[in-house]
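Chemist: Pasting in a structure now, in C-alpha cells, and then I'll have a few things to ask.
The values are calculated or read from the model by the stated rules, or taken from the named source; none is laboratory data. All of these numbers come straight from a predicted model, not from anything done at the bench. Glycine also receives a Cβ, built like all others from the backbone with ideal geometry; neighbour counts cover every protein chain displayed.
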Amino acid sequence: MAIDEAKALRAGREHTSCLPHAPQSARALALGDRVKGEYLGQAFTGRVIGLSGPVGHRRIEIRLNQPVDAVRFASFSNLCRQLVATIDEDRRSLWQTSDGKPQLLVVRGG
C-alpha cells in the first residue's frame with residue numbers, strides 16, 4: 001500500500017489516484033461537486049446542491065450556472081435554474097424523452 005493510499009484510508013476516504021480508470025459510477029458525486037451534462041438535449045454546467053438515496057437510484061439537485069429551457073417547443077419556453085432528478089449508477093436519469101434518450105445526463109467537472 002502506498003503512503004498516499006494509507007493516508008486516504010486513515011482519513012476515511014478512497015485513494016483517488018486509481019479512480020480515473022474506474023467506471024464513472026466508482027467516482028461518486030458529492031455535495032458541492034461541479035458537474036456538466038445534458039438536460040433535454042441542452043448542455044449545462046452547475047454545482048451539486050443535494051444528493052440522497054443509494055447509488056443506482058439517487059436523487060440529485062443541481063444549481064445551474066445558466067438557466068436551461070425545460071420546454072422543447074419553439075412557441076414558448078420555461079427557463080430553469082435548478083434541476084432535480086433521480087439518476088442511476090451511470091448518472092443517467094431513470095426517465096427518458098420520447099426519442100429514448102435520458103432526460104438528464106450528469107458528468108463530473110464543469
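Chemist: Residue pairs, Cβ under 7 Å, 6 or more apart or interchain, first in region 87-110 and under 12 Å from G41 (Cα atoms), second surrounded by fewer than 12 Cβ atoms within 10 Å (Cβ to Cβ) and not polar (S, T, N, Q). List them.
Modeler: Q103/W95
Chemist: Looking at region 49-72, which of the residues that are farther than 16 Å from E89 by Cα and buried (at least 17 other Cβ atoms within 10 Å of the Cβ) is farthest from the chain's Cα centre (by Cα)?
Modeler: That would be V68.
Residue-by-condition table, conditions (1) hydrophobic (A, V, I, L, M, F, W, C); (2) at pLDDT below 95:
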site	(1), (2)
C18	yes, yes
S25	no, yes
A30	yes, yes
V48	yes, no
L64	yes, no
D69	no, yes
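Chemist: Condition first: out of contact with any His (no Cβ under 9 Å at 6 or more places or on another chain), under 19 Å from V35 (Cα atoms) and in a loop (DSSP other than H, G, I, E, B). Now tell me which residues in region 90-100 satisfy that.
Modeler: Within region 90-100, D90, R91 meet the criteria.
Chemist: Just a yes or no: is a residue in region 84-95 modelled with pLDDT under 95 and loosely packed, with under 12 Cβ neighbours inside 10 Å?
Modeler: Yes, because at least one residue in region 84-95 is modelled with pLDDT under 95 and loosely packed, with under 12 Cβ neighbours inside 10 Å.
Chemist: Scan region 47-85 for residues that are in contact (Cβ under 8 Å) with a residue 24 or more places away in the chain and outside any strand (DSSP E or B) and jot them down.
Modeler: Scanning region 47-85 gives G53, V55, G56, H57, A70, R72.
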